[in-house]
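Written below as structure tokens is the structure these notes are about.
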Amino acid sequence: MNELILAPQFIIMSANRQSFLLARLAIGTSLFGHGLVRLPKLDLFSHGMAAQFQHSILPQRLVLGFGYFLPFAEFGIGLLTLLGLFTRPAAIAGSLLMIALIFGTTAVEKFENIPSMLLHALFFIGVLIFVDRYDNWSLDRAFGLRKSGGLLQ
């Protein structure tokens with residue numbers, strides 16, 4: 001019996017709702033995984049990043065600080081996105097994080113890495129565009145958080 005078992009609620013969801021859920025889970029998993037693997041080696045990661053930027057226009061202290069911040073941001077934004085908790089602020093934060101990474105990448109002229117960051121940004125932008133229309137499976141919906149207005153609405 002090698003059948004794929006899906007929850008009945010997922011099967012009866014519209015293709016748009018299924019697509020939104022899968023896209024949200026994909027981008028959330030990507031950022032969550034980036035942060036998760038970097039947190040145990042935080043010092044090594046941060047100092048490695050600073051070494052890559054030693055000849056850039058960016059101050060070393062700024063790069064080192066960002067290197068310590070980045071894994072926590074990736075982990076947190078990824079986890080919130082996976083859970084669908086504070087989805088809109090998480091998607092905004094994810095987009096802003098990608099903009100910062102793109103800027104840093106241009107500072108060290110690693111232009112070949114930019115398409116991946118742009119793709120991540122596009123996923124976050126898609127989440128922002130479609131969250132209100134197609135989000136059915138999230139903690140935001142379960143807790144009724146999007147009804148409160150502000151960034152969540």
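Take every pair of alpha-carbon atoms less than 8 Å apart whose residues are at least six positions apart; their mean separation over the length of the chain yields a relative contact order of 28 percent. On C-alpha positions alone, give me the angle between the axis of helix 60-83 and the longest principal axis of the chain, in degrees, nearest 10. It is inclined by approximately 10 degrees.
Is any residue of the range 67-90 close enough, with backbone N under 13 Å, to a label point placed 7 angstrom from the Cα of Phe143 along the Cα-Cβ axis, and if so, which? Within reach of a label on Phe143: 80-81, 83-90.
Think of it as helices only: each DSSP H run of n ≥ 4 in the chain is worth -39500 (n - 2.57), and spread over all residues that comes to -24000 deg cm²/dmol at 222 nm. Spacing of the modelled spin labels on Leu64 and Leu119, each 7 Å from Cα toward Cβ, amounts to 3.4 nm. As a rough footprinting exposure proxy, the listed residues Asp140, Asp43 were ranked by other beta carbons within 10 Å of their own, and the order from fewest upward is Asp43, Asp140. Residue ranges 77-84, 109-116, 18-25 sort as 77-84, 18-25, 109-116 when ordered by packing (mean number of other C-beta atoms within 10 Å per residue, highest first).
Using just the Cα positions, wrap the range 35-123 in a convex hull and report its mean projected area in square nanometres, one decimal place. Projected over every direction and averaged, the Cα hull of the range 35-123 covers 5.6 nm². Using the beta-carbon distance between Thr106 and Asn136 and R0 = 41 Å, what value does 1/(1 + (r/R0)^6) give for FRET efficiency, to the nearest 0.05? The calculated FRET efficiency here is 0.60.
Throughout, read-outs are computed from the coordinates displayed, never taken from laboratory work. Treat the numbers as computed from the prediction; the structure is a model and nothing was measured. Neighbour counts run over all protein chains shown; Cβ positions are idealised from the backbone, glycine included.
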